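A quick write-up on the structure given underneath.
The values are calculated or read from the model by the stated rules, or taken from the named source; none is laboratory data. All values derive from a computational prediction rather than experimental measurement. For neighbour counting, all protein chains shown are included, and Cβ atoms are generated from backbone atoms with ideal geometry for every residue, glycine included.
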Amino acid sequence: MQKESLKVALVKPEQKVWFIRSSAGIHARHFRSASLIAIGHLEDAFEGTIGDKIPSEDEIKKALLSNDKYSHFKKNKDGKETKYLNRKGSQLLGQTKRFVNDIKQGDLVVTKNEDGGYNIGICTDSQAYIEHTPIELVIPEDAKRTARDRIELKHKLRKKVTWGPSVSPNELPGAVRKATRGQHTITDLSPHKEKVFHLIYPFFTDGESLYFSSKIRRQGKIGALVVGNLFQNVSLAENLISQLLSNSIISEELLLQLTERNAFDQESAVTCQAAFMSPGDFWCKVPLLSESDFLGQVYAGVLAFLILTGQAETVQFDPMLIAPSEISATLKHKEDDPDSIFNDKLKEPEASPLLKQIAENAQRNKEVIEKIEKDRHTQEINDNLELGVTDANTSRLESFTFGINIIEFRKKNENN
């Protein structure tokens, strides 16, 4: 069955990603049920007694200095002993400040859940708050209640979060998994932002590049030549995009010549990363041209990656089978941000003249594209590696003002 749409997420440069420890997943269900994140650091600092307002940094520091567990005496230059925060006290203060000040609305939030996997959400309010009422889990009356079900979340310092999809433990790239193994309650995962987005979207863009990811699902050993051919195929994407945009005859020979000529040009080339012991993932990005139609480039890029990895059928959105007059694009949940890099690029996505032209060019060159697929063994590679894209349900992350903005390429129908 042909899919009606395909999403490309828009990633803002200032958007950060945070990992929040939920007591080894014990409080993950509380987080989800109450749409929040919470930490117990203020109770620790004030030994359980806190008011209704978030104390200032000086007030927190004063409370920590009065507690020998978080402070110690050191001699200054004059030989006088002065009390300082010890390592534990400094970490508690730093983590509290990070929770209150650094996690902003629109930031992604990741937490480990009760099944050992990971939940992904979005902070919906930068303002932290104090709430004294414990959160209890609502368990159906006919369900057997376990000791874990009876645990309450008593942490009082909280922030609002809308939770979206969950990711199984084996889906998480090793670098991200390693970054979440520390002891800190709050960890900045922003250096791994691309990989986190790859977990939930097969396509996304930061305005400068288009990112694409796929999964190698085959178990056990995989052929080095097969993997090498896969990456060779993906390396053709940049020049195939150019040919799709040019509205001219697509040439396989020229495609290969241009790619070979620019093979060592790091400024303008498709780049890839991979992390797999089979199964695993590979991630690719291709630079976008600032002087060309942004929406058209993104659409051509999606089409190129699907062609070169043989995955149009897997994604169930095959532009080669959709009439050019039926292709449209919609920008969803765009926030009113005057400084957004996407404002000028996506003023009127429906009006992009290139969408129909790209689709027409692809279908006009259908035989050449099919020959490229045959010559490059795209289907055989796909079958051998059991390629697939992420299919996470991200709709909850997109349905509010500071949610993830998306371009949705659609097949027009009577309901659009």
- Specify the residue that is modelled with the lowest pLDDT; the eligible residues are those in the stretch 52-85 that are surrounded by 10 or more Cβ atoms within 10 Å (Cβ to Cβ) and among the small types (Gly, Ala, Ser). SER71
- Item | Scan of the stretch 272-308 for residues that are assigned to a strand (DSSP E or B) and closer than 21 Å to ASN382 by Cβ, ordered by number | CYS272, GLN273, ALA274, ALA275, PHE276, GLY280, ASP281, PHE282, TRP283, CYS284, LYS285, VAL286
- Answer from ALA45, ALA38 - the residue that is of a type in the set (A, V, I, L, M, F, W, C), modelled with pLDDT of 90 or more and either on the phi > 0 side of the Ramachandran plot or over 33 Å from the mean Cα position of the chain (by Cα) (or both): ALA45
- Query: Within the stretch 259-288, restricting attention to residues that are surrounded by 14 or more Cβ atoms within 10 Å (Cβ to Cβ) and more than 19 Å from the chain's Cα centre (by Cα), which residue is modelled with the highest pLDDT?
  - Reply: LEU288
- Task: Check off (1) at pLDDT 90 or above; (2) crowded, with 18+ Cβ neighbours inside 10 Å for VAL389 and give me the number that stays unchecked.
- Result: (1)
- Restricting the stretch 167-185 to residues that are under 20 Å from LYS215 (Cα atoms) and polar (S, T, N, Q), which is nearest to the chain's Cα centre (by Cα)? SER168
- Query: How many of the residues in the stretch 14-35 are modelled with pLDDT under 90 and of a type in the set (Gly, Ala, Ser)?
  - Reply: 4
- Message: Can you tell me how many residues within the stretch 125-137 are among the hydrophobic types (A, V, I, L, M, F, W, C), assigned to a loop (DSSP other than H, G, I, E, B) and exposed (fewer than 15 other Cβ atoms within 10 Å of the Cβ)?
- Response: 0
- Mind listing whichever residues of the stretch 138-171 are of a type in the set (A, V, I, L, M), part of a loop (DSSP other than H, G, I, E, B) and either touching a Phe, Trp or Tyr at 6+ places or on another chain (Cβ under 6 Å) or surrounded by fewer than 16 Cβ atoms within 10 Å (Cβ to Cβ) (or both)? VAL138, ILE139, ALA143, ALA147
- Among the numbered criteria (1) under 27 Å from GLU238 (Cα atoms); (2) in contact with a helix residue (DSSP H, G or I) (Cβ under 7 Å, 6 or more places away or on another chain); (3) without any contact (Cβ under 8 Å) to a residue 60 or more places away in the chain; (4) not acidic (Asp, Glu), which single criterion is violated by ILE139? (1)
